[in-house]
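Trainee: What follows is a structure written as structure tokens; I'll ask about it next.
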Amino acid sequence: MARPRDPELDAKIVEAASAEFHQVGFGAMTLASIAKRADVRPGAVYTRYRDKHEVLEAILDHVSSMREDRLRMLPGNDPYGDLLYAVHETQKSVAWEHAFTIPALAIMGTDEANEVRELIRSDMARNRHMGLLRPAIEQAREAGVLGSHVSVAYASAMILGAYFTFRLGVDAEHWPDDMPEKLLATLGAKPPQG
């Protein structure tokens, strides 16, 4: 009979794998390097994961659960307020250190990126940013805060893309406080009069 898994050891290995991935990248990451970083026997890693693709799935799940803890639901007060809230939450999430590395891997033209592209696309499709942004954009369109010509898919991609692009050039602590408002103005969002 197999021994039950140790949740603390599982978490330690996934956290070490995430740190290894973020520091050296997918290509240089190995199961042995994860074991060394976690300060565990290599067998502890090898019994949990067959290869680094499985490790990347575990990292994506780990980051996704941490991302879920960071984002909140729309307040539901008003369409502009909800949209602004969703963009603020997206900014906070993209500013977070783990938010950038995995999507960045997907856009690299490397063999390693091609190997895991579908895994990363799947993660981005279930990404909480989109689950928060899309409903807020739809609600804003229905209420006339955004024009009916605004595509939900393009607007949400534009907002995320703007943050990821900004992240490349400017450290998050130097981002302007009014960046969400500027992004919404770029989309043509009209704040309530009053």
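The values are calculated or read from the model by the stated rules, or taken from the named source; none is laboratory data. Predicted model only: the values in this text are computed from it and were never measured. For neighbour counting, all protein chains shown are included, and Cβ atoms are generated from backbone atoms with ideal geometry for every residue, glycine included. These area figures cover heavy atoms from the full protein model, side chains too; ligands, DNA and RNA do not enter into them. Shrake-Rupley method; radii C 1.70, N 1.55, O 1.52, S 1.80 Å.
Trainee: Which residues, taken from segment 39-59, are buried (at least 21 other Cβ atoms within 10 Å of the Cβ) and either over 22 Å from Ser122 (Cα atoms) or in contact with an Asp or Glu (Cβ under 8 Å, 6 or more places away or on another chain) (or both)?
Mentor: Matches in segment 39-59: Val45 only.
Trainee: Would you pick out the residues in segment 75-97 that are modelled with pLDDT under 80 and buried (at least 18 other Cβ atoms within 10 Å of the Cβ)?
Mentor: Ser93, Val94
Trainee: Still on this structure, I have one more. Would you say Ala157 is closer than 30 Å to Glu54 by Cα, at pLDDT 70 or above and surrounded by fewer than 19 Cβ atoms within 10 Å (Cβ to Cβ)?
Mentor: yes
Trainee: Could you grab me the full set of residues in segment 160-194 that are in a helix (DSSP H, G or I) and open to solvent by 90 Å² or more (accessible area, probe 1.4 Å)?
Mentor: Once the filter is applied, which keeps residues that are in a helix (DSSP H, G or I) and open to solvent by 90 Å² or more (accessible area, probe 1.4 Å), segment 160-194 yields Thr165, Leu168, Glu173, His174, Lys182, Thr186.
Trainee: Listed residues Arg121, Arg128; which is modelled with pLDDT under 90 and closer than 25 Å to Asp178 by Cα?
Mentor: None of the other options fit; the residue is Arg128.
Trainee: When segment 152-194 is examined, which residues are found to be over 19 Å from the mean Cα position of the chain (by Cα) and among the charged types (D, E, K, R)?
Mentor: Scanning segment 152-194 gives Asp177, Asp178, Glu181, Lys182, Lys190.
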